[in-house]
1. Would you mind telling me the share, in percent, of accessible area of the range 35-141 contributed by carbon and sulfur at probe 1.4 angstrom?
2. With +1 on the Cβ of every Lys and Arg and -1 on the Cβ of every Asp and Glu, and nothing else charged, how large is the dipole of the range 35-169 about its Cα centre, in debye rounded to the nearest 20?
3. Provide the per residue accessible area, probe 1.4 Å, for the range 13-169, rounded to a whole number of square angstrom.
4. Once you list every other residue whose beta carbon is under 13 Å from the beta carbon of GLY55, what net charge do they have if Lys and Arg are +1 and Asp and Glu are -1?
5. Taking amide H positions as placed 1.01 Å from N in the peptide plane, with prolines and chain starts having none, which residues 5 or more places from TYR37, or on another chain, fall under 5 Å of its amide H?
6. Placing +1 on the Cβ of each Lys and Arg and -1 on the Cβ of each Asp and Glu in the range 43-104, which of ILE60, VAL76, ALA102 has its Cα farthest towards the positive end of the resulting dipole?
7. How long is the gain from ARG122 to ALA78 if the chain were fully straight, where each residue apart is worth 0.36 nm and the alpha carbon distance is subtracted?
8. Can you give the FRET efficiency for ASP89 and TRP130, using 1/(1 + (r/R0)^6), R0 = 30 Å, r = Cβ-Cβ distance, to the nearest 0.05?
Amino acid sequence: MQRRDVLGSMGLAGLAAGIAPDAKAAPGASLALEFAYDAVVTLGAGTPVGKTPYGVRNRIPITGGSFEGPRIRGTVLAGGMDWQLERPDGMLDVHADYMMQAEDGTLIHVINKGLISRDPQRPYVRTTPWFEVSEGPHAWLNQSVFTGTIGAPPAGRGAAVRITVHRIL
């Protein structure tokens with residue numbers, strides 16, 4: 001089977017047509033990042049769902065928060081949820097689904113998936129936030145891939161996490 005046939009079966013034939021046959025990513029090339037925003041997301045009490053075939057599932061309500069960066073700022077709206085899965089290999093899958101609202105009133109849907117090591121000998125915390133926003137001044141969120149980290153919130157914020165998000169250039 002030809003490369004074009006494989007890509008066509010995956011719905012990527014149009015993309016492949018615009019890529020030169022000899023185009024290659026530079027081996028060992030690093031990705032350039034641009035700071036997008038910092039968010040402090042407040043959390044409610046978790047509810048254990050229980051042991052599943054995939055691990056131990058927990059549900060953590062997202063109760064609010066705020067975010068700010070060079071191009072955007074606003075609030076994290078209450079009502080979202082973080083579905084966490086404690087895997088048997090010591091990793092924690094996070095899958096947060098929530099809404100943010102920019103200062104100008106624009107609603108932004110966020111799905112932030114990530115992986116956190118629970119082993120202090122192997123620290124690892126990375127997420128891949130995905131955004132859905134209407135056309136307008138914040139449409140740039142729809143047009144890039146992002147990566148993030150999760151850390152402790154500023155002192156005095158209670159049950160919360162700090163999420164730092166970068167756009168991959």
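The values are calculated or read from the model by the stated rules, or taken from the named source; none is laboratory data. Remember, it's a predicted structure, so these values are computed and weren't measured experimentally. All Cβ positions, even for glycine, are placed from backbone atoms using ideal geometry, and neighbour counts span all protein chains on display. These accessible areas exclude ligands, DNA and RNA; they are computed on the full protein's heavy atoms, side chains included. Shrake-Rupley method; radii C 1.70, N 1.55, O 1.52, S 1.80 Å.
1. 55 percent
2. Using only the charged Cβ atoms, the result is roughly 400 debye.
3. Numbers: 9000 Å² over 157 residues.
Heavy-atom accessible area per residue stands at 57 Å².
4. Cβ neighbours under 13 Å give a net charge of +1.
5. For TYR37, the qualifying residues are VAL165.
6. ILE60
7. Taking ARG122 through ALA78 to full extension adds about 12.6 nm, to one decimal.
8. Efficiency, from the Cβ-Cβ distance: 0.75.
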